[in-house]
1. Would you please give the residues with an amide H less than 5 Å from that of C511, counting only those at least 5 places away or on a separate chain, with H modeled from the backbone geometry?
2. In this model, which of K124/K748; K74/K596; K83/K562; K74/K753; K46/K83; K59/K618 are farther than 30 Å apart at the alpha-carbon?
3. So in the chain, what percent of DSSP beta bridges are antiparallel if you round to the nearest 5?
4. Can you list which of the DSSP-assigned H helices in the chain have a Cα extent of 18 Å or more along the long axis and an average Kyte-Doolittle score of at least 1.0?
5. Tell me which of V410, A558, A353 sits at the most positive position along the dipole axis of the chain, charges placed on C-beta atoms (Lys, Arg +1; Asp, Glu -1).
6. Quick one: check the C-alpha center-to-center distance for the range 330-384 versus the range 141-205, whole angstrom.
7. When only alpha-carbon atoms are used, what values of Rg and Dmax, in angstrom, describe the range 571-720?
8. More than 48 angstrom separation, counting every C-alpha pair in the chain; what % is that?
Amino acid sequence: MAKEHTGKGPHTNPAGGWGSARAVGSILVKEHRLLHGSRVLTHQNKPDGYMCVSCSWAKPANPHPFEFCENGAKATAWDITTKRAPPGFFAEHTCTELESWSDHELEAVGRLTAPMRWDPQTDKYVEIPWQQAFDEIGALLRGRDPDAAVFYTSGRASLETSYMFALLARMYGTNNLPDSSNMCHESTSVGLPKAIGVPVGTVTLEDFEHTDCMLFFGHNTGTNAPRMLHQLQEARKRGVPIITFNPLREPGLVSFTNPQSPVEMLTGKETRISTQYLQLRLGGDTAALAGLCKWLIEADDAARASGGSPILDHAFIAEHTHGFEAFADAMRKTDWQEIERESGLTRADLSQAAATYAGARAAMLLYGMGLTQHRNGVQSVQMVTNLLLLRGNIGKPGAGVCPIRGHSNVQGQRTVGITENPDKVPADKLRELYHFEPPAKKGMNTVEACEAILEGRVSAFIALGGNFARATPDHYRMEPAWRNLDLTVNVATRLNRSHLLHGRHAYLLPCLSRIEIDRQATGEQAVSMEDSTGCFHGSRGIQEPASGTLLSEPAIVAGIAKATLPPNPHVDWDRWVGDYSLIRDAIEATYPKIFKDFNRRMWNPGGFHRPLGACERKWETETGKANFIVPETLDDDPDMPETGADVIRLMTTRGDNQFNTTVYALDDRFRGVYGTRKVIMLNPDDMARLGLRENDVVVASTVAHDGFRREVGGLTVRPYNIPAGCAWGYYPECNPLIPLWHHAKESKVPAAKSIPITLRKEA
Ligand SMILES: Nc1nc2c(c(=O)[nH]1)N[C@H]1C(S)=C(S)[C@@H](COP(=O)(O)OP(=O)(O)OC[C@H]3O[C@@H](n4cnc5c(=O)[nH]c(N)nc54)[C@H](O)[C@@H]3O)O[C@H]1N2
Ligand SMILES: Nc1nc2c(c(=O)[nH]1)N[C@H]1C(S)=C(S)[C@@H](COP(=O)(O)OP(=O)(O)OC[C@H]3O[C@@H](n4cnc5c(=O)[nH]c(N)nc54)[C@H](O)[C@@H]3O)O[C@H]1N2
Ligand SMILES: [Mo]
């Protein structure tokens with residue numbers, strides 16, 4: 001039987017396995033829903049069931065009997081809990097008092113049950129009727145400069161809701177539509193179109209069956225997309241090499257025991273996942289990728305000089321790409337010393353990885369936040385495509401680029417109009433369908449919205465889910481600024497800190513979770529979403545709603561829209577709410593190529609795939625080809641102030657018991673952290689150098705010369721297997737340390753994986 005981890009030391013057992021099965025059981029027991037919860041889980045990620053509310057990993061056409069993972073089960077239990085935060089709870093607590101509660105304590109109260117408005121006299125949220133809430137919000141929005149309002153979306157809202165929300169903002173007159181992907185894969189959305197002409201990944205589930213090699217950058221799969229371990233395990237059984245680049249040895253990427261395989265569970269048989277594990281420096285990805293490209297280009301030069309067989313796919317390069325010569329020259333000129341210094345990896349290790357890649361007929365490259373949340377995040381994404389293009393690894397079976405997306409519909413909401421960029425929406429279609437002039441001025445993304453809030457240029461903030469104030473950087477600068485807003489509206493399932501940092505007028509509007517049955521005029525409704533592999537799926541709720549007073553997200557968006565916008569005979573919000581298939585018809589009419597025959601195809605087992613030019617080697621770029629893009633620098637952050645030896649780089653990351661700012665419990669068993677999230681993990685040599693010992697309590701301070709003091713105290717020091725000069729701590733506890741301006745240059749994704757800090761012992 002697999003050894004179970006019981007002690008307090010770091011986890012050494014495979015991901016999945018008995019620890020996973022027990023953890024699922026325990027959270028469901030805690031939520032008093034064990035039996036019922038288990039029945040619910042059998043409907044998760046099935047063609048006729050509901051799509052998991054946790055990650056966005058692809059849903060197979062032939063699902064396992066239990067197509068869920070430990071963390072999907074936790075997210076489900078969190079939504080179908082019996083715990084409630086009714087108006088009576090709010091009658092007992094002022095907002096000021098609740099502000100002192102932790103993220104976990106706030107959400108743990110339970111599901112919100114009734115619409116509420118903040119009462120300035122008592123400093124409490126008080127129940128009001130839905131129609132009154134809509135009318136008041138409408139009155140407060142009308143007459144305002146549309147560009148002083150911000151419409152934020154977290155990535156869980158369905159395609160239907162997102163489409164309506166984007167339309168509401170544009171009919172109101174603004175493109176201020178920031179979303180969670182602005183903090184997440186925006187480096188992908190900016191980097192890929194210039195390189196290969198698509199904003200999303202090209203890999204589908206089928207490609208996993210045909211690939212000969214996988215390169216994995218900056219993703220904690222065992223925790224953040226656990227179902228994907230099945231694909232990795234199957235590939236490993238075929239002997240496919242997996243090369244991982246990650247500063248931490250994440251257990252899920254080291255080995256895996258399938259909790260749904262009785263044989264593996266009983267025998268403790270585990271699959272080794274990574275065949276080569278390279279613990280690079282934080283932000284060393286551009287340099288590491290440059291090392292791989294350099295090796296390939298020079299090995300090809302040598303092979304051709306000696307009459308050997310080429311390493312690069314010259315036919316593909318000639319027919320399909322642009323900029324190869326300039327890129328190849330730049331790589332030839334880059335010296336190994338610089339590559340080794342910036343990546344923290346040796347030439348020998350990089351050469352071994354490059355040789356493995358060169359030996360694969362079809363290779364794919366997968367990545368997560370370790371790549372995108374850096375100052376040079378966009379450049380690293382483009383180094384990914386450079387490496388793939390060298391061997392024609394885009395647009396053939398088993399090959400391609402696979403950005404592993406975050407929220408379950410974060411990719412989809414961008415597809416249906418959630419974007420601050422007016423060039424990314426079909427204005428002609430909106431004009432034709434709804435007879436209004438879509439705003440042409442570029443709107444604000446997340447960082448720009450924060451800047452505008454600080455500068456007093458925003459007066460109203462409408463949030464469709466999420467926890468904006470907690471997920472964004474620079475908490476101590478931002479928190480007072482929220483108070484200056486005139487209006488805050490939060491559509492949410494559970495209480496969080498953003499609801500407490502409210503404006504002068506504040507509304508908290510509780511909605512159905514998509515696990516719940518959504519009954520409207522024409523009967524029970526379904527919604528849809530797009531997964532990480534560009535496939536669209538239908539999803540039907542199966543659980544009775546947490547409260548009879550809840551409205552669905554489409555109904556809430558329609559309520560606000562009708563109360564705010566002048567009547568428009570071309571948009572019948574009520575009919576849409578009565579029958580969501582009409583919203584899907586509208587989506588299809590707006591995006592006919594992507595959503596052809598939407599209402600029927602959304603129930604295809606495995607979903608239906610959106611057309612992507614790059615998959616067919618049609619390049620929708622300025623040059624009409626796939627572009628090699630020369631990196632500007634190998635340095636992760638060339639703009640970082642000159643730093644001394646006492647400065648270390650901090651990454652802020654998720655633990656095993658959280659979904660973003662939703663903290664289920666304080667343990668992170670894979671990494672051996674129990675009962676706290678206020679820790680900072682350091683390389684033992686750095687600890688010695690800085691005079692720190694295990695269990696010392698320290699204050700971390702950001703190194704930034706802009707006149708603001710950014711500190712987080714109460715962090716317990718722990719030694720960890722992490723490269724020298726690097727440290728890790730938890731998101732969102734460490735977010736006060738990220739300066740708002742410390743973001744990826746082109747995409748403005750906050751550089752949450754590389755914050756320059758110093759440490760001092762707490763007095
Ligand atoms: N259970 C669960 N599932 C989730 C989420 C959740 O919170 N909980 N969140 C969802 C969301 S919104 C997202 S975006 C995804 C996030 O999923 P991930 O992309 O896995 O995000 P993080 O947890 O931030 O982990 C980042 C990983 O990158 C590594 N890393 C850090 N810096 C670097 C670097 O410089 N280079 C490289 N190569 N690696 C680095 C870290 O060690 C870590 O393994 O997960 C989604 N799924
Ligand atoms: N330091 C640091 N900061 C980061 C990151 C990092 O790695 N490090 N990661 C960034 C990333 S990748 C992301 S995606 C963002 C996440 O930012 P957000 O998406 O804004 O935050 P979440 O924590 O996912 O939002 C949780 C809240 O959503 C609400 N909610 C849950 N389900 C529903 C639903 O079905 N409908 C509605 N209307 N509301 C619902 C609940 O009230 C819950 O409290 O954070 C970013 N911030
Ligand atoms: Mo994300």
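Any read-out appearing in this document is the output of simple, stated calculations on the displayed coordinates, not a laboratory observation. Just so it is clear, the structure is predicted and the values come from calculations on it, not from any experiment. So basically every Cβ, Gly included, is an ideal-geometry build from the backbone, and we count neighbours across all protein chains shown.
1. A492, T493
2. Among K124/K748; K74/K596; K83/K562; K74/K753; K46/K83; K59/K618, the Cα-Cα distance tops 30 Å for K124/K748; K74/K596; K83/K562.
3. Taking every DSSP beta bridge within the chain, about 40 percent pair in antiparallel fashion.
4. 377-390
5. Farthest along the dipole direction, towards plus: A353.
6. Distance between centres, Cα-based: 30 Å.
7. Here Rg and the maximum Cα pair distance are 25.5, 67 Å.
8. Tail fraction, whole percent: 13.
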